[in-house]
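Chemist: One structure, pasted below without further comment.
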Amino acid sequence: MYVAVKGGEAAILASLEQVDAARRGDRALAAISVAQIREQMRLAVARVMAEGSLYDPDLAALAIKQAAGDLIEAIFLLRAYRTTLPRFGTCSALDTSDMLLQRRISATFKDIPGGQVLGSTYDYTQRLLDFTLLAEAAAVPALEAVAVEPEASPRVADFLAAEELLARESDDDGSPPPDLTREPLSFPASRAMRLQNLARGDEGFLLGLGYSTQRGYGNSHPFAGEIRHGWLSVEYLPEELGFAIDIGEIEITECELFNQFKGSATVPPQFTRGYGLAFGHAERKAMAMALVDRALQAEELGEPVAAPAQDIEFVLYHSDNVEASGFVQHLKLPHYVDFQSELELVRRLRREYQGRQECSGEPE
Amino acid sequence: MSGPAAGYNFGYLDEQTKRMIRRAILKAVAIPGYQVPFGSREMPLPYGWGTGGIQVTASIIGEDDVLKVIDQGSDDTTNAINIRRFFQRVTGVTTTTLTGEATIIQTRHRIPETPLHEGQILVYQVPIPEPLRWLEARESETRRMHALAEYGVMRVKLYEDIARFGHIATTYDYPVVVNNRYLMRPSPIPKFDNPKMHRNPALQLFGAGREKRIYAVPPYTDVVSLDFEDHPFEVQRWDATCSLCGSADSFLDEVIVDDAGGRMFVCSDSEYCQRQREAIS
Amino acid sequence: MNALLCRGLADPVHDAGRIFRRLLAALAQPGRPANLLDAFAGLEDAPSGAARPLAAALLALADFETPVWLDHDAEGLVRSLVNFHCGAPLVDDPRRARFAVVTEPDRMPPLAAFDWGSAEYPDRGATLLISVANLDGGAPVTLTGPGIATATTFAPQGLPDHFWSQRTMMQKDFPCGVDCFLFDDHHVAGLPRTTQAREDE
């Protein structure tokens, strides 16, 4: 006999307990601390901060711990917290040429003022599993900061722009930037709004889209003009004070890609720029973002818009992993009513179909 | 009744956000059926799970309100329980399962069987607010179509159904025209519920969080399901009656009772069913 | 969070919530006045008379995101309230206002002076907050449209005659248009752009 579904609340509470238990795992092992995650999983922390749109390594680490390492869940946690925070104002625009660099490479020039700094990168690790890490006690050398003085390393893009070989970015009319977390996306979407969307966008989604532009879906020929990673001061200018104050340092990764552009009726041939910026050390994200940013400029540059990565609405509406994850997974919610409606329809359509078959005398 | 959760504002949302949503709701009421874009916030529940309805409810709810939350017509489905639990935590308001006693009813996929009355507010959770979205994916294009009231494509789509099947093959989220102007998506309610929207004395608010739209149907407003003269709109009917309360005029869920094809039908609106049964006994 | 609270109201959270609900009810049921004075406990820096419920509505709805236009008289009445408590920017050009405050309806600019929004974004049309002598006892008009079961009689005192004819003209541009709230000493009545008014003989 059918019993109406009851006891849902008890089931939810029991489920919450199981979440906690599963997250903790084997209690014979020490619990991982938030500080350990912050220090030893810094790249996960970086991704959660970037896509969570909140620079706070401790809270990002806490979110990773609470989400049992599910980074999209951690991003969701961080965003849901962020949304409750008051907004005091907008910081002054960051000037990345002032960065205290940890790493900086250019694939366009053999040598550049300030030099190439390899820094910390997985690029040349050869990806052999390091079994010594299984032994907890293995000694690791402490990192010595190899910071390059900021004034010694101007951005590569600025050299090219000085010669008019690279398009100048002239979007800034002094008006405050849009805030996607407070106003809905509208079209046509400004570059500032697009970049903001991409900065919050899912790394995997952007990676796939960026990759597609390299394989002919968008026809771009990018060069890694410069990738830099390091620390930068953030300044805020309170109106009542009249001068900027330093409110702290953040770790960021910036990528500028140069793309060939043959010119149009109004614009001479020059290189154009794809721009990527992410919190923390996140080169893959910054590069993928730069590829997609450039692809999204197709319409403005008079290029054909044919590939998915060039389609502004398509990209901006599907880049957000918290939105995507929620909507994909909402299919788990009950849909009894809609399904009942469809069931009734399909039965009716089948009856009508069989009726037609019988009338025409042809066996099915 | 417990007080709202410490550390959070009444209703979870901050006051500036509430004002922004309230302004959007007022414009939605002023332009029935038009989707007002709003700065949807990131809620602590997932997108697609009712964040739009939750933001609307959080912006209108006050201490004296009595809240009912249903999903698939039932107060007892896990998502309904979870949203009710959320509002209990962040507002401390009284909740109820009784349709007649609620001042605010948040719903996913159903309109209660019990007729609503003046002063009540029905808040729908909406996954995709744009009725033309399956026909035209682009927001810039659908916005233009609404501006010009250019809804021919929807009529063509329904007519193609008739040409192919002999009748319209849309059973839920069935498009309506509000106040003789805007084409509107009623959210995925079964078309069985569409007639209840027409000139309903209650205020109907629709929230789509992920898609960042709010729209409304004021009380006593015309809501007409699209149809054709030779193929008038009609709702689902069942040969069966509810196995629990015997109701012959409520929306029925089909339940599989054994592995030999056994079926039974029960009311989707659990509170209505309960009251029918009480009335019998 | 305190910085973002709507100050001025004695209980910023619940007063604002109650005021909004009355405004919502008024707009959802046009021409049916709702009491606004008993929706809030107190109001700092508030003017008296019909401007008092109007000021309460402004506090509940306006903030730094909504430019406000004030007519000459309102400058004196609610300027400090708008500036200080709402933090709303004041604009001289009525076309740029999201909210327009009219305390001298006789001398109000034509409706066409305000933003009606666009066919794509009709929600951008302005909201007018108009104080009148009384929401009852004036020349009656018959209202019909969404929110009204059949028809309702509405008789505010102190609106200029051309107000209704201008609204009728405006409605040719629907969905573009402005929405109005009318206030007297105690009450608010809503007049969304959809409400049709027929002047009684």
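Chemist: Considering each residue of the stretch C:66-87, count those that are assigned to a loop (DSSP other than H, G, I, E, B) and under 16 Å from the mean Cα position of the chain (by Cα), and give that number.
Modeler: Total meeting the criteria: 3.
Chemist: Under the condition of being in contact (Cβ under 8 Å) with a residue 60 or more places away in the chain and closer than 22 Å to B:THR17 by Cα, which residue from the stretch C:37-67 is nearest to the other protein chains (Cβ to nearest Cβ)?
Modeler: This residue is C:LEU61.
Chemist: Oh, and also: Looking at (1) open to solvent by 30 Å² or more (accessible area, probe 1.4 Å); (2) under 27 Å from A:LEU349 (Cα atoms); (3) out of contact with any strand residue (DSSP E or B) (no Cβ under 7 Å at 6 or more places or on another chain); (4) within 14 Å of chain A (Cβ to nearest Cβ), which is the only condition B:ARG144 fails?
Modeler: With respect to (1) open to solvent by 30 Å² or more (accessible area, probe 1.4 Å); (2) under 27 Å from A:LEU349 (Cα atoms); (3) out of contact with any strand residue (DSSP E or B) (no Cβ under 7 Å at 6 or more places or on another chain); (4) within 14 Å of chain A (Cβ to nearest Cβ), B:ARG144 is out only on (2).
Chemist: Another one. Would you check if B:VAL176 is touching a Pro at 6+ places or on another chain (Cβ under 6 Å), more than 9 Å from every other protein chain (Cβ to nearest Cβ) and either modelled with pLDDT of 95 or more or closer than 30 Å to C:CYS176 by Cβ (or both)?
Modeler: yes
Chemist: If a residue has to be away from every other protein chain (no Cβ under 14 Å), under 24 Å from A:PRO177 (Cβ atoms) and polar (S, T, N, Q) to count, how many in the stretch A:75-119 make the cut?
Modeler: Qualifying residue count for the region: 3.
Chemist: Could you check the stretch B:197-224 and list, in sequence order, the residues that are within 14 Å of chain A (Cβ to nearest Cβ) and within 15 Å of B:VAL176 (Cβ to Cβ)?
Modeler: Selection gives B:TYR215 alone.
Chemist: I would also like to ask the following. Go through B:SER247, B:SER187 for me and flag whichever is over 30 Å from A:LEU316 (Cα atoms), part of a loop (DSSP other than H, G, I, E, B) and either open to solvent by less than 40 Å² (accessible area, probe 1.4 Å) or at pLDDT 95 or above (or both).
Modeler: None of the others qualify; the one that does is B:SER247.
Chemist: Considering only the stretch C:70-86, I want to know if a residue exists there that is closer than 19 Å to B:ALA24 by Cα and either touching a strand residue (DSSP E or B) at 6+ places or on another chain (Cβ under 8 Å) or within 14 Å of chain B (Cβ to nearest Cβ) (or both).
Modeler: Checking the stretch C:70-86: at least one residue is closer than 19 Å to B:ALA24 by Cα and either touching a strand residue (DSSP E or B) at 6+ places or on another chain (Cβ under 8 Å) or within 14 Å of chain B (Cβ to nearest Cβ) (or both).
Chemist: Right, another one. When the residues of the stretch A:71-113 are filtered to those that are assigned to a helix (DSSP H, G or I) and within 18 Å of A:ASP158 (Cβ to Cβ), which remaining residue is most open to solvent (accessible area, probe 1.4 Å)?
Modeler: Selected residue: A:ASP98.
Chemist: Right, something else. Name the residue that is nearest to A:VAL292 (Cα to Cα), counting only residues in the stretch A:244-262 that are open to solvent by 30 Å² or more (accessible area, probe 1.4 Å) and either polar (S, T, N, Q) or not in a strand (DSSP E or B) (or both).
Modeler: Going through the qualifying residues, I end up with A:GLN260.
Chemist: Limited to the stretch A:209-229, what total is found for residues that are of a type in the set (Val, Ile, Thr) and assigned to a helix (DSSP H, G or I)?
Modeler: Looking only at that region, the number is 1.
Chemist: Of the residues A:LEU241, A:LEU206, A:LEU232, A:LEU198, only one is more than 14 Å from chain B (Cβ to nearest Cβ), free of Cβ contacts under 8 Å to residues at least 24 places away in the same chain and either assigned to a loop (DSSP other than H, G, I, E, B) or surrounded by 15 or more Cβ atoms within 10 Å (Cβ to Cβ) (or both); which?
Modeler: A:LEU241
Chemist: So A:GLU342 fits all but one of (1) open to solvent by 20 Å² or more (accessible area, probe 1.4 Å); (2) over 30 Å from B:PRO112 (Cα atoms); (3) not aliphatic (A, V, I, L, M); what number is the exception?
Modeler: That leaves (2) as the condition not met.
Chemist: Continuing with this model, one more query. Exactly one condition in (1) open to solvent by less than 50 Å² (accessible area, probe 1.4 Å); (2) without any contact (Cβ under 8 Å) to a residue 24 or more places away in the chain is false for B:ARG210; which is it?
Modeler: (2) is the only condition that B:ARG210 fails.
Chemist: Working only within the stretch C:129-157, note down all residues that are among the hydrophobic types (A, V, I, L, M, F, W, C), in contact with a Leu (Cβ under 9 Å, 6 or more places away or on another chain) and outside any loop (DSSP other than H, G, I, E, B).
Modeler: C:LEU129, C:ILE130, C:LEU143, C:PHE154
Chemist: Test of understanding: among B:VAL36, B:VAL66, B:VAL29, B:VAL56, which residue is within 23 Å of B:GLN120 (Cβ to Cβ), surrounded by fewer than 24 Cβ atoms within 10 Å (Cβ to Cβ), touching a strand residue (DSSP E or B) at 6+ places or on another chain (Cβ under 9 Å) and touching a residue at least 24 places away in the same chain (Cβ under 8 Å)?
Modeler: Testing whether each residue is within 23 Å of B:GLN120 (Cβ to Cβ), surrounded by fewer than 24 Cβ atoms within 10 Å (Cβ to Cβ), touching a strand residue (DSSP E or B) at 6+ places or on another chain (Cβ under 9 Å) and touching a residue at least 24 places away in the same chain (Cβ under 8 Å) leaves just B:VAL66.
The values are calculated or read from the model by the stated rules, or taken from the named source; none is laboratory data. Computed from a prediction, not measured in an experiment: that's the story for all the values here. FYI the Cβ positions are ideal-geometry reconstructions off the backbone, even for glycines, and counts take in every protein chain you see. Side chains included, ligands, DNA and RNA excluded: accessible areas come from the protein's heavy atoms. Shrake-Rupley method; radii C 1.70, N 1.55, O 1.52, S 1.80 Å.
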